[in-house]
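Data block below; observations after.
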Amino acid sequence: MQDKGVKIRTNALNLYYGSFHALGDITMDIYDRTITAIIGPSGCGKSTLLRVFNRMNDLIPGVKVEGSIFIDDFSVYDSLTDVVTLRKKVGMVFQRPNVFPKSIYDNIAIGPRQHGVKRAHVLDEIVERSLKQVALWNDVKDKLKNPGLGLTAGEQQRLCIARAIAIEPEVILFDESCSALDPESTMKIEELMLDLVKKYTIIIVTHNMEQALRVSGMSAFLMIGEDRVGKLVEYSPTREMFMRPKDKRTEDYITGRFG
């Protein structure tokens, strides 16, 4: 990954839910226009780590974050950081499709409208471009007024991705975004990720080791330590980690001995 610039830097990141220490001393560089997979057993803090990048954890009472995260030269947890601006920069796709009870068109246009885009022809262009990027345009271009909830689960997830990229983020977070989908829909989302990474930095949380190997360039393996805190055990190019893990715990997890 030496040919890729660093997009996100975390340094000595610690996160607490009240008195519970969830993440401990996470330091890593995430590369620009690379798919980075966060893997590890349930409860080790994978989704918590993912959500620090757009401060979704702020929605949980009692959260405290120590250390630093920078996206380029933008400090995520600076006291002056505007969270709305941050979430325009860092889009997110959740585990299950969270389609709004609106038309296909309005599901995508809602973000640009919130960020000040009012002209109809500009919104039309954004909707068309976003749907084309997720390979949905040909299927829905004559049904834009139909409810987004009328689409299949796989189509709904692609609609959610279209909604995320409509505001032109720099980073897209995927929180186990294929776990509720059938194999065919999963394959389409993975193909989409491999296309989107040409333009965006992508971070995924996945329990699926085959998926991590298929799509990611880098992998971060998290595990709960003896102190019951989620920690980064190993971070390296995915194929290197899977073929030559540096830590026995990583090898045990990847080979299915636990987790």
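The values are calculated or read from the model by the stated rules, or taken from the named source; none is laboratory data. From a predicted model like this one, the values you see are computed outputs, not experimental measurements. In this analysis, Cβ positions are derived from the backbone assuming ideal geometry, glycine residues included, and neighbour counts consider all displayed protein chains. We work out accessible area using only protein heavy atoms, side chains counted, and drop any ligands, DNA or RNA first. Shrake-Rupley method; radii C 1.70, N 1.55, O 1.52, S 1.80 Å.
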(request) Could you work out how far apart the two model spin labels at LYS143 and ARG9 are, taking each label as a point 7 Å from the Cα in the direction of the beta carbon, and quote it in nm? (result) 4.8 nm
(message) I'd like the FRET efficiency for TYR17 and LYS118, computed as 1/(1 + (r/R0)^6) with the beta carbon distance as r and R0 of 51 Å, rounded to 0.05.
(response) 0.80
(request) Pop a pseudo-label 7 angstrom from the Cα along the beta-carbon direction at both ASP182 and ARG87 and give the gap in nm to one decimal. (result) 3.3 nm
(message) Students often forget the sequence filter, so: which aspartates and glutamates lie under 20 Å Cα-Cα from LYS143 once same-chain residues fewer than 8 apart are removed?
(response) ASP106, ASP124, GLU125, GLU128, GLU155
(request) Calculate the spin-label point distance for GLU191 paired with ARG244, positioning each point 7 Å from the Cα along the beta-carbon direction, and give it in nanometres. (result) 3.4 nm
(message) What do you get for the angle between helix 153-165 and the principal long axis of the chain? Use alpha-carbon atoms, 0 to 90 degrees, nearest ten.
(response) 90 degrees
(request) Note down the magnitude of the dipole of the stretch 164-259 about its Cα centre, charges +1 on Lys and Arg C-beta and -1 on Asp and Glu C-beta and zero elsewhere, to the nearest 20 debye. (result) 360 debye
(request) Set the Förster radius R0 to 41 Å, insert the Cβ-Cβ distance between LYS102 and ARG228 as r into 1/(1 + (r/R0)^6), and round the FRET efficiency to 0.05. (result) 0.45
(message) Charges on Cβ only, +1 for Lys and Arg, -1 for Asp and Glu, centred on the Cα centroid of the chain; of VAL84, HIS207, ILE108, which one is farthest towards the dipole's positive end?
(response) ILE108
(message) Could you report the accessible area of LYS118 in Å², rounded to 10, computed with a 1.4 Å probe on the protein chains as they sit in the structure?
(response) 150 Å²
(request) Calculate the dipole size of the chain relative to its Cα centre from +1 charges on Lys and Arg beta carbons and -1 charges on Asp and Glu beta carbons; express the result in debye to the nearest 20. (result) 440 debye
(message) With angles folded into 0 to 90 degrees, how steeply does helix 120-133 sit against the dominant principal axis of the chain? Use alpha carbons for both and round to 10.
(response) 50 degrees
(message) Quick check: net charge around GLU168, other residues with Cβ under 10 Å of its Cβ, Lys/Arg +1 and Asp/Glu -1?
(response) +3
(message) As I understand it, the value is the acute angle between the Cα axis of helix 183-196 and the longest principal axis of the Cα atoms of the chain; what does it come to in degrees, rounded to 10?
(response) 90 degrees
(request) List, in the order given, every pair from LYS46/LYS141; LYS7/LYS145; LYS46/LYS198; LYS46/LYS89; LYS4/LYS231 whose Cα-Cα distance in the structure shown is over 32 Å. (result) LYS46/LYS141; LYS7/LYS145
